[in-house]
Amino acid sequence: MSTNVVSPESPPRSRRGWALALIAAAQFMVIMDTSIIGVALPRIQQDIGISQENLSWIFNAYVVAFGGLLLLGGRLADLFGARRVFSAGWLVLLVGSGVAGAAGTLPVELIGRALQGVGAALIAPSALSLLMMLFGSDPRQLTRALALYGAAARAGGTAGVFLGGVITEYASWPWVFFLNVPIAVVALLAVPALMPSSPTAARRSVDLLGALTVTAGLTAGVFAIVRAATVGWASTQVWGPLIGAVLLLTAFVAIQRSSREPLVRLSIFRTRDLAPANVVQLLLGAAWIPMWFFLNLYLQQVLGYSAFPSGLALLPMTLLIMIGMIALAPAAINRFGAKAMTVAGLVLLTAGMALLAAIRPDGTFWIDVLPGSLVAALGMSLAFIPSLGTAISSAPPEQGGLAAGIVNTSYQVGSALGLAVTTAVAAELGADRPGDVSALTEGFSAAFIGAAVVAAAAAVAAAALAGRTRREPPSPVPDDQGPS
């Protein structure tokens with residue numbers, strides 16, 4: 001098995017714990033920025049004046065930039081050094097957070113959120129590359145480091161909902177963005193002392209054309225689906241961008257086939273389990289993100305919760321996910337295998353969504369929210385880790401970084417597309433009529449049904465995985481094969 005070695009210029013062993021803490025904090029932050037705006041969205045909508053169908057773009061502007069540029073971020077880390085790109089990502093995130101927090105119009109808000117996504121796309125793959133450089137020489141330490149890294153990601157996604165409620169209630173919604181600024185400053189000051197340096201590659205090109213076509217294609221596709229809620233599926237305003245998306249993504253594949261230094265080496269998809277595991281991750285994001293998005297809206301717009309109680313109402317789900325991923329999932333995977341737990345988790349997630357679909361206009365937290373959210377959270381905690389591990393470990397060691405970039409992209413793209421589709425469905429069935437709690441409930445219920453269908457499809461896809469009888473940690477990748 002090929003392993004990384006710690007660079008001679010790595011920080012002393014006594015500082016590696018602090019370096020890991022910074023890497024985990026980075027992963028926590030970039031995922032938290034996906035979810036922290038959920039509770040704040042009604043306040044942002046009211047203050048800036050955003051239509052219900054355009055509200056999801058505050059989420060999608062971040063996710064599309066993040067997901068579409070993750071592969072490029074990994075490639076830049078290879079070419080210019082992970083530490084340098086890691087620092088650049090924090091700087092871009094800092095600027096984007098300041099713009100998003102100070103925005104007074106929708107276009108400026110979307111620019112800020114897109115910049116945040118660009119920063120996250122630089123931070124996430126370079127953080128994983130730095131982790132490999134620090135701990136790759138010791139498989140035991142690497143396994144523990146990857147466990148903390150993965151737990152930080154899930155904790156960031158769920159904790160963001162609660163923190164968003166606290167900040168929105170007791171400060172104001174701009175602080176869900178301004179929160180990043182002091183953390184980014186501390187990170188930028190700490191990087192030189194904590195992170196290892198790495199040699200940069202010479203005479204290698206960046207596939208900018210590939211990055212541009214894939215990002216533009218994804219953006220056009222999401223825009224078309226969101227726009228359908230307003231103008232209808234038969235409109236040229238929908239089919240024009242959809243056709244453009246297909247053409248751009250087709251061009252991306254052609255570019256990857258002909259490029260000497262492609263963003264994605266397409267041969268990797270011939271690896272057993274990689275494609276189905278990425279389909280599972282894409283569908284998992286497409287089911288999970290719409291669930292918390294519409295659950296937040298149901299709590300505030302139908303049950304009448306303010307921002308802080310809304311975040312507090314989702315705290316049990318947050319705690320269960322953290323416990324499930326850290327304690328329950330590893331033991332269950334060791335006992336029953338990755339494939340079995342992926343399928344079982346997705347079945348539970350489907351059941352949780354189905355329970356949430358039974359929400360009522362005069363519902364209560366204890367009956368309409370808590371049971372379904374806990375079942376869904378348990379399913380997510382059991383399905384996410386084994387499907388992610390399968391996607392990464394199915395690739396050969398020399399392509400581990402590329403596999404990690406692809407699976408991260410799959411989840412983020414699935415999140416954006418899933419929210420776009422469910423937003424369109426919900427709006428069509430009444431979720432675009434604020435103040436009419438019956439119509440809102442019907443629209444939100446339809447969104448939960450759609451998410452349940454997606455989760456069920458993910459369970460079917462997971463059944464196609466070859467799987468393993470025992471959980472195995474992903475193999476480290478060599479120094480010159482970090483995230484691509």
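Can you pull out the residues in the range 403-453 that are within 30 Å of R75 (Cα to Cα) and outside any helix (DSSP H, G or I)?
Pass one, the range 403-453, residues within 30 Å of R75 (Cα to Cα): 403-420.
None - no residue of the range 403-453 is within 30 Å of R75 (Cα to Cα) and outside any helix (DSSP H, G or I), so the list stays empty.
Scan the range 55-113 for residues that are over 16 Å from Y411 (Cα atoms), modelled with pLDDT of 85 or more and aromatic (F, W, Y) and jot them down.
Within the range 55-113, F86, W90 meet the criteria.
Can you name the condition, by its number, that A65 falls short on among (1) under 22 Å from M133 (Cβ atoms); (2) surrounded by 24 or more Cβ atoms within 10 Å (Cβ to Cβ); (3) of a type in the set (A, V, I, L, M, F, W, C)?
Of (1) under 22 Å from M133 (Cβ atoms); (2) surrounded by 24 or more Cβ atoms within 10 Å (Cβ to Cβ); (3) of a type in the set (A, V, I, L, M, F, W, C), only one is false for A65: (1).
May I ask you to say which residue of A331, A351, A327, A358 is surrounded by fewer than 17 Cβ atoms within 10 Å (Cβ to Cβ), aliphatic (A, V, I, L, M), out of contact with any Lys or Arg (no Cβ under 9 Å at 6 or more places or on another chain) and modelled with pLDDT of 95 or more?
Result: A358 is the single residue among A331, A351, A327, A358 that is surrounded by fewer than 17 Cβ atoms within 10 Å (Cβ to Cβ), aliphatic (A, V, I, L, M), out of contact with any Lys or Arg (no Cβ under 9 Å at 6 or more places or on another chain) and modelled with pLDDT of 95 or more.
Could you pull out the residue among R272, R265, R257 that is more than 20 Å from L55 (Cβ to Cβ), without any contact (Cβ under 8 Å) to a residue 24 or more places away in the chain and either crowded, with 22+ Cβ neighbours inside 10 Å or not hydroxyl-bearing (S, T, Y) (or both)?
The match here is R257.
Any idea which residue in the range 119-146 is surrounded by the most Cβ atoms within 10 Å (Cβ to Cβ), counting only those that are at pLDDT 80 or above and over 11 Å from A82 (Cβ atoms)?
Out of the qualifying residues, it is A121.
Filter the range 62-119 for residues that are more than 21 Å from M195 (Cα to Cα) and of a type in the set (S, T, Y); which is farthest from the chain's Cα centre (by Cα)?
In this case the residue turns out to be T105.
Kindly list the number of the only condition in (1) farther than 17 Å from G363 by Cβ; (2) touching a Ser or Thr at 6+ places or on another chain (Cβ under 6 Å); (3) modelled with pLDDT of 80 or more; (4) of a type outside the set (D, E, K, R) that fails for L283.
The number of the failed condition is (2).
Looking only at helices (runs of 4 or more DSSP H) that fall completely inside the range 252-353, which ones have 3 or more residues that are within 19 Å of the chain's Cα centre (by Cα)?
By residue number, 274-297, 315-323.
The values are calculated or read from the model by the stated rules, or taken from the named source; none is laboratory data. Model, not experiment: these values are computed from the prediction. For neighbour counting, all protein chains shown are included, and Cβ atoms are generated from backbone atoms with ideal geometry for every residue, glycine included.
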